[in-house]
Amino acid sequence: MLDICVLGDDVLRTECKDIKVFDSALKMLADAMLETLKEADGVGLAGPQVGVPEKIFVVWIPEEDPLVFINPEIVETSIETCPYEEGCLSVPGMYHNVVRPKRVKVQAFDADGKPFTLDADGLLARVIQHENDHLHGKLYIDYLTDAEREKLLRLYEKKNKARKNRKRRV
Ligand code: NI
């Protein structure tokens, strides 16, 4: 299990670096990220969320095969958009509607360095866009209006405080 960085950690706002070496350490990182994702009960996890500012993210949608994306690039997005209530393991407990393109075409490398292209729709397209943003220091809350974001952050702080207090008592 890797530690997941949360809002306020600078690594989440970093432009990530390309991965140049495909070795066993990279495979171990990808595996550890998938394990962490599963444990955290999420569907996507990006490098900076585990303190690694490099272009890697993993996606694991229930009932489907886990996917590893290295140096991904979204090369096409549909004109058609749709809303979806997004959350993020780095902003635990919070959710908000975000409108994004419905479909994307992404090019990336797998953990063995093999290139692939994927046409994604539905939840997969959503997660790919959310995770890809992480590689460019962007969070889903950046898409909200100032008023929406302030409200969400106030609630987040409140919840967070409660969580910290709870921990102190134990
Ligand atoms: Ni996220």
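Projecting the Cα positions of Leu34, Ala111, Val21 onto the charge dipole of the chain (unit charges on Cβ atoms of Lys, Arg, Asp and Glu, taken about the Cα centre) puts Leu34 furthest along the positive direction.
Alpha-carbon geometry of the chain: the Rg and the Dmax are 16.1, 51 Å, given in that order.
May I ask for the net charge around Ala32, where only other residues with Cβ less than 14 Å from the Cβ of Ala32 are counted and Lys, Arg are +1 while Asp, Glu are -1? Intermediate values should be presented prior to the final figure.
Numbers: positive: Lys27, Lys38; negative: Asp3, Asp31, Glu35, Glu39, Glu54.
Every neighbour counted, the sum reads -3.
Please report the net charge: other residues with Cβ closer than 10 Å to the Cβ of Lys105, K and R +1, D and E -1. Taking every Cβ under 10 Å from that of Lys105, the sum is -2.
For the chain, which whole-number percentage of the solvent-accessible area (1.4 Å probe, protein heavy atoms only) is attributable to carbon and sulfur atoms?
Details: 5000 of 9910 Å².
Using a 1.4 Å probe with all protein chains present, the chain comes out at 50 percent carbon and sulfur.
Summing charges over neighbours of Ala46, with a neighbour being any other residue whose Cβ is under 10 Å away from its Cβ, gives -2 when K and R count +1 and D and E count -1. The label point for Asn97 and the one for Glu35, both projected 7 Å from the Cα toward the Cβ, are 4.0 nm apart.
Taking the longest Cα principal axis of the chain as reference, the axis of helix 122-134 is set at about 80 degrees. Against the chain, whose longest principal axis comes from its Cα atoms, helix 146-169 is set at around 70 degrees.
Sort 33-46, 148-161 by packing, meaning the average of other beta carbons within 10 Å per residue, with the highest value first. Can you show the working numbers first?
On the way: 33-46: 19.5, 148-161: 13.3.
So the order, starting with the most tightly packed, is 33-46, 148-161.
With 27 Å as the limit on Cα-Cα distance, the pairs of Lys27/Lys138; Lys105/Lys151; Lys27/Lys105; Lys20/Lys105; Lys105/Lys138; Lys38/Lys105 that go past it are Lys105/Lys151.
The values are calculated or read from the model by the stated rules, or taken from the named source; none is laboratory data. Remember, it's a predicted structure, so these values are computed and weren't measured experimentally. Methodologically, a virtual Cβ is constructed for each residue, glycine included, from the backbone with ideal geometry; neighbour enumeration extends over all protein chains shown. The protein model used for the area step is the full one, side chains on, heavy atoms only, and it has no ligands, DNA or RNA in it. Shrake-Rupley method; radii C 1.70, N 1.55, O 1.52, S 1.80 Å.
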